[in-house]
Amino acid sequence: MKQFQYKDYKDYRECQISINKEKLHWVFAHESTMEYISSRSEGVGGRRENILCHGSRNGTELKYFRKYYPNANIIGTDISPTAKKFNGMVEWDFHNVNDEWRGKFDIVYSNSFDHSFDPMKALETWTEQLKPNGILCVEMMIEFHNKSSWADPLQLNLSEYEDMLTNLGFEIFDIKITKIHPSQEGRSRLTMSRRI
């Protein structure tokens, strides 16, 4: 695992907000990912009524989830104040605990884990937000796009991620590899995890 070192939390926050504003209309999420999560989560723990998406920038993930979970309560977070511009989004640092969210969600999803300055703290927070039968869905770039930088501070491989999950009492039950865009190089890896 490699972790970019910021001067302090203020430096981290300013960086992430700057990147958010620069890429505000970029979309990394694929609708096919949310469709896959829907198809694979049906038999794991029953109905999905509450979904939380961390680092959702412009709320695209929420739109996709609404298509496959039309009756669910779906909330998105982003550290940037721009979150307030988008339906269903709240300004929130995904590392931080929100007592109202503890044990509330059937699915917690993020494709922004590589933006974490403290990955274990983020995962602890996310797993605490899940109901007992909830599913943690984390999507990360792999191969040459998986490298630590000022914008994406976290670089880790699948084995390192699995070790972190095991320490939290979770295990991966499914993995899906997706090409990020038909005209671009690079792939992402979605992992779906549940309590052991």
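The values are calculated or read from the model by the stated rules, or taken from the named source; none is laboratory data. If you're wondering where the values come from, they're calculated on a predicted model, not measured in any experiment. We place every Cβ from the backbone using ideal geometry, glycine too, and count neighbours over all the protein chains shown.
Miscellaneous remarks
- Residue check for S39: among the hydroxyl-bearing types (S, T, Y) and either modelled with pLDDT under 95 or touching a strand residue (DSSP E or B) at 6+ places or on another chain (Cβ under 8 Å) (or both): yes
- Test: residue in segment 2-12 that is in a helix (DSSP H, G or I), aromatic (F, W, Y) and crowded, with 20+ Cβ neighbours inside 10 Å: yes
- Filter result for I135 (under 24 Å from S32 (Cβ atoms), of a type in the set (A, V, I, L, M, F, W, C), crowded, with 16+ Cβ neighbours inside 10 Å and in contact (Cβ under 8 Å) with a residue 24 or more places away in the chain): yes
- Screening the candidates T127, T82, T77, T60 for the property of being β-branched (V, I, T) and over 16 Å from the mean Cα position of the chain (by Cα) yields one hit, T82.
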